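First up is the structure itself, then whatever we jot down about it.
The values are calculated or read from the model by the stated rules, or taken from the named source; none is laboratory data. Note that the coordinates shown come from a computational prediction; the quantities given were computed from them, not determined experimentally. Reconstructed Cβ throughout: ideal geometry from the backbone, glycine too, with neighbour counts over all protein chains shown. The area values use the complete protein model at the heavy-atom level, side chains included, leaving out ligands, DNA and RNA. Shrake-Rupley method; radii C 1.70, N 1.55, O 1.52, S 1.80 Å.
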Amino acid sequence: MQSVCHCCDWIRHHYGHLSAEYLSLLDQMGGDITKQNAPVFFPTSLYRHIDDAEFEDKVRFLKDTIYEITKLFDGNMNAVTWDKKNLDDFLNILERQFENLNSCVSPAMKPERRLKRYFKKLNRKVLRKMNYSAQAWELIRKETKRHLQRLDILAAQMY
């Protein structure tokens, strides 16, 4: 585990850059973001709760959310019509962000259960229920963008 000071520097100087890259790739990989709403409510209260948390808990939350997003994209993507290179680049940068955050968090810290439940429900009610269709993946892309933008706000408030 890296020191809090090193993590703070890394978040301050690198998190935003990587985040801007993967948000741009998320936009570029497909067409317009769908206007349709996902059948799972965005966990606004979870983000409000973490806003008041300690630095280490915020880093863990950033890491856990990015991890859950990468797990979503590990499903059956046959119906996806996105640009393959942009998708691969998006996932690689997201993985790099996760690895850097993971090195800042004690393995003894447990993931937020409500966050895990939310992403399981998103997987079940969107991807599985909609049979991994192109429409389901567009909803996932929209929800992913919302999360990554919200994580940007959280990271910016950490310093």
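Structure summary
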{"item": "Residue-by-residue Karplus 3J(HN,Hα) for the range 85-94, coefficients 6.51, -1.76, 1.60, Hz, glycine and proline x", "result": "5, 5, 5, 4, 4, 4, 5, 5, 5, 4"}
{"item": "Probe 1.4 Å, protein heavy atoms only - accessible area per residue of the chain in square angstrom", "result": "54 Å²"}
{"item": "For the range 68-115: rounded, prolate or oblate by the Cα gyration tensor [a/c cutoff 1.5]", "result": "oblate"}
{"item": "3J(HN,Hα) from dihedral phi, the range 10-17, Karplus parametrisation 6.51/-1.76/1.60, rounded to Hz, x for glycine, proline", "result": "5, 5, 5, 9, 10, 4, x, 5"}
{"item": "Using θ = phi - 60° and Karplus 6.51 cos²θ - 1.76 cosθ + 1.60, couplings along the range 137-153 (whole Hz; Gly, Pro as x)", "result": "5, 5, 5, 5, 4, 5, 5, 4, 4, 4, 5, 5, 5, 5, 5, 4, 4"}
{"item": "Residue range of the chain that is longest and free of trypsin sites (Lys or Arg not before Pro) which are both DSSP loop and sparsely packed (at most 16 other C-beta within 10 Å)", "result": "36-128"}
{"item": "Within the range 35-141: Cβ-based charge dipole about Cα centre, in debye rounded to nearest 20 (Lys, Arg +1; Asp, Glu -1)", "result": "680 debye"}
{"item": "Filtered chymotrypsin sites (Phe, Trp or Tyr not before Pro), the range 1-81: DSSP coil and at most 13 other beta carbons within 10 Å", "result": "F41"}
{"item": "Percent accessible area from carbon and sulfur atoms, the chain, protein chains only, probe 1.4 Å", "result": "48 percent"}
{"item": "Computed FRET value (nearest 0.05) for N78 with Q36, which takes r as the C-beta separation and R₀ as 30 Å", "result": "0.90"}
{"item": "DSSP-assigned coil residues among GluC sites (Glu not before Pro) in the range 40-80, each with at most 15 further Cβ atoms within 10 Å", "result": "E54"}
{"item": "Neighbourhood net charge (12 Å Cβ-Cβ; Lys/Arg +1, Asp/Glu -1) for Y47", "result": "+1"}
{"item": "Segment K71-D51, length gained on full extension (0.36 nm per residue, minus Cα span)", "result": "4.8 nm"}
